Amino acid sequence: MSNVILLQSAPPKLVDIQKSVFSREAVEFVAKLHKTFDLKIENLYKNRLEKNVAIQTQNSLDFKKSSERSDSIWKVAPIPYRLQNRHLDLGDVSASNAAHFIAALNSDVQGIQVDFDDGHCPTWKNQLLAYHNINLVVNGKLPGAPLSITTCPVLMLRPRAWNMIDHDILIDGKEAIGPLVDFGILMYHNAKKLHENNSGPYFYLSKVQGSSEANLWNEIFVWSQNELGLPHGSIKACVLIENIISTFELEEILYALKDHSLGLNCGIWDYCASIIAKFGDRKEFILPDRNKYVNMDRHFLNSYMKLVVSTCHARGAPATGGMAAAMLKPGSNGLDKESKIVVSNVLEAKLKEIEIGVDGFMVYDVRLVPYVNELWKKNGTAPNQITRQLDVNITAQDLLTIPQGGVTLQGLKHNVAVSILFIYHWLAGIGHFFYNGNVEDSATAEISRAQIWQWIRFSPPLEDDPQQRVTPRLVEKNATNFASHAHKNLCRSNAERKRLTAAKYMSLELFFTRHPPEFITTYLNDNHKFRTLHNKALLSNL
């Protein structure tokens, strides 16, 4: 028996939920999972550090040479019936928010990205509520949700990424690994029921860096299936290609998960942020104003999506596009003039993805669903486009040539605001928020803070005022101005004002740091301020 300590007592009213979620058997399963894979996960962290050093030394990337790549015959295992149509998923759905989760479950979509990553904040309370609500819906007991998991959209469970440590659980004297806790708890409670109902267990895998990490996930899947008595290949997983290294190992990632593969997904903002994380200290990799110059029409991103689609389809796997973050204004049904423009922009962008060959994508706003469904009816009568083969020849240069363009004051202000607001909401235990008509999450916060760090380093002139350059002073001035505005217009209490001030200073720390953390969520999850805010109300179990 492993030595497992839950460091937090249950929040008020959640005592019984904590007991059922972390039952003795579930805890033992999670502990056994950790014990089996602990050494391999430590090696994963070391390999990441080594790869980062190698990239910075060589200043380049190229496609992996492998037997998987040279063998044109192999295909991924057949896709289960319920996953053959992946036209539309709802993204960033944290099951800790029951109202949002229930609205998603009642939507006319194929799947729901049930999120423990980009759109979720892993406080102890949020974790318990999310696990519990998923358990309820799988068993037809979540009030307001469909009574059978077979009539719900498919649950695409997204555990935390490898960078996330679970500071609330000690296993054999070590803090637990966030994704293993999520995966283990979700599998232990729900895998058999989902499998019996041809509804899972299905996953999204975030921030995978290369095929060795995909191979580790595959080993975890095989072990878990054996442990729980599930047939080999029951688990299916879609890997999000959010890291520039993974783009050069697409074939190998698909092969590593061959029996469990549900294809690949494109995540634009994490992907762009990873380019800055790997190459951002070189001037030729300055990413221009993202609102003005960075979208899927740009050659480096268009090449990335075409490569994902062509690789997947050649191997019999689906390829999905990113999430439309645009929101209709509150109370709108999409018919007012302003909302019609939003709908039109979303459909225009998504039609381009369909024309490239994607088999589906995500939206956040449930109100966009009927419009996107109509788009698919007109442009994709088949459940998927896997039979459509793309003849492309994408080079390393295609993927690594950054678009031309400058920096605008508006772009700077936007990135400052998103960075501060993301941290402000995280400190409140909320993983995503709404700003200027879009849903913002850790992916948009990631690119926002990475761009500002990069602009400070190279001090480009502003397009709208070439006499003025991006400087630490200009960034600090804009952060202070935004914080002052938010104090008056957003904060309703002294505690919120304190939190906003903390968010401003934490953002500046990220903007000015010599060696930025690769992931904003690591910085926040490990931060004393965040941990204090969410631990002080709970009793220690030590």
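The values are calculated or read from the model by the stated rules, or taken from the named source; none is laboratory data. All values reported here derive from a predicted model rather than from experimental measurement. Positions of Cβ are backbone-derived with ideal geometry, glycine not excepted, and every protein chain shown enters the neighbour counts. Surface accessibility is based on the protein's heavy atoms, side chains included, excluding ligands, DNA and RNA. Shrake-Rupley method; radii C 1.70, N 1.55, O 1.52, S 1.80 Å.
Looking only at residues in the stretch 132-149 that are without any contact (Cβ under 8 Å) to a residue 24 or more places away in the chain and hydrophobic (A, V, I, L, M, F, W, C), the one that is most open to solvent (accessible area, probe 1.4 Å) is 147.
Look at the stretch 311-323: where a residue is more than 19 Å from residue 395 (Cβ to Cβ) and without any contact (Cβ under 8 Å) to a residue 60 or more places away in the chain and a partner is open to solvent by 10 Å² or more (accessible area, probe 1.4 Å) and among the small types (Gly, Ala, Ser), sitting 6+ places away or on another chain with Cβ atoms under 7 Å, you get 322/267. Taking the criterion of being assigned to a loop (DSSP other than H, G, I, E, B) and of a type outside the set (S, T, N, Q), the residues of the stretch 507-537 that qualify are 514, 515, 516, 517, 518, 519, 526, 536, 537.
Counting the residues of the stretch 185-206 that are part of a loop (DSSP other than H, G, I, E, B) and open to solvent by 10 Å² or more (accessible area, probe 1.4 Å) gives 2.
Annotation: of all residues in the stretch 498-538 being more than 26 Å from residue 457 (Cβ to Cβ) and open to solvent by less than 20 Å² (accessible area, probe 1.4 Å), the one that is modelled with the lowest pLDDT is 530.
Going by the structure shown, is residue 327 free of Cβ contacts under 8 Å to residues at least 60 places away in the same chain, touching a strand residue (DSSP E or B) at 6+ places or on another chain (Cβ under 7 Å), among the hydrophobic types (A, V, I, L, M, F, W, C) and surrounded by fewer than 24 Cβ atoms within 10 Å (Cβ to Cβ)? Considered against the rule, which asks whether it is free of Cβ contacts under 8 Å to residues at least 60 places away in the same chain, touching a strand residue (DSSP E or B) at 6+ places or on another chain (Cβ under 7 Å), among the hydrophobic types (A, V, I, L, M, F, W, C) and surrounded by fewer than 24 Cβ atoms within 10 Å (Cβ to Cβ), residue 327 comes out as no. Scan the stretch 336-343 and give yes if some residue there is assigned to a helix (DSSP H, G or I), touching a helix residue (DSSP H, G or I) at 6+ places or on another chain (Cβ under 9 Å), more than 20 Å from residue 109 (Cβ to Cβ) and among the aliphatic types (A, V, I, L, M), otherwise no. No: zero hits. Residue 145: over 21 Å from residue 227 (Cα atoms) and part of a loop (DSSP other than H, G, I, E, B), yes or no? It is true that residue 145 is over 21 Å from residue 227 (Cα atoms) and part of a loop (DSSP other than H, G, I, E, B). The set of residues from the stretch 274-287 being open to solvent by less than 10 Å² (accessible area, probe 1.4 Å) and not in a helix (DSSP H, G or I) comprises 280, 287. Which residue is surrounded by the fewest Cβ atoms within 10 Å (Cβ to Cβ), if the candidates are limited to the stretch 33-73 and must be of a type in the set (Lys, Arg) and assigned to a loop (DSSP other than H, G, I, E, B)? Among those residues, the one meeting the criterion is 65. Go through the stretch 288-314 and report how many residues are surrounded by fewer than 21 Cβ atoms within 10 Å (Cβ to Cβ) and part of a loop (DSSP other than H, G, I, E, B). Here the count works out to 4.
Would it be correct to say that residue 103 is aliphatic (A, V, I, L, M), open to solvent by 40 Å² or more (accessible area, probe 1.4 Å) and not in a strand (DSSP E or B)? Answer is yes for this residue.
Residues that are under 17 Å from residue 228 (Cβ atoms), touching a residue at least 60 places away in the same chain (Cβ under 8 Å), basic (Lys, Arg) and surrounded by fewer than 16 Cβ atoms within 10 Å (Cβ to Cβ): does the stretch 25-32 have at least one? No: the stretch 25-32 contains no residue that is under 17 Å from residue 228 (Cβ atoms), touching a residue at least 60 places away in the same chain (Cβ under 8 Å), basic (Lys, Arg) and surrounded by fewer than 16 Cβ atoms within 10 Å (Cβ to Cβ). The residue that is surrounded by the most Cβ atoms within 10 Å (Cβ to Cβ), among those in the stretch 164-184 that are assigned to a loop (DSSP other than H, G, I, E, B) and out of contact with any Gly (no Cβ under 8 Å at 6 or more places or on another chain), is 172. Residues in the stretch 330-360 that are surrounded by fewer than 23 Cβ atoms within 10 Å (Cβ to Cβ) and touching a residue at least 40 places away in the same chain (Cβ under 8 Å): 349, 352, 353, 356, 357. Restricting attention to the stretch 79-100, which residues are without any contact (Cβ under 8 Å) to a residue 60 or more places away in the chain and surrounded by fewer than 24 Cβ atoms within 10 Å (Cβ to Cβ)? Across the stretch 79-100, the qualifying residues are 97, 98, 99, 100. Can you name the residue in the stretch 54-66 that is more than 27 Å from the chain's Cα centre (by Cα) and within 19 Å of residue 393 (Cα to Cα) and, of all such residues, is modelled with the highest pLDDT? For the stretch 54-66, the residue satisfying everything is 66. If only residues of the stretch 476-497 that are open to solvent by less than 40 Å² (accessible area, probe 1.4 Å) and in contact with a helix residue (DSSP H, G or I) (Cβ under 6 Å, 6 or more places away or on another chain) are counted, the one that is farthest from residue 529 (Cα to Cα) is 478. The helices (runs of 4 or more DSSP H) found entirely in the stretch 372-478 that carry 3 or more residues being within 15 Å of residue 508 (Cβ to Cβ) are 409-427, 442-458.
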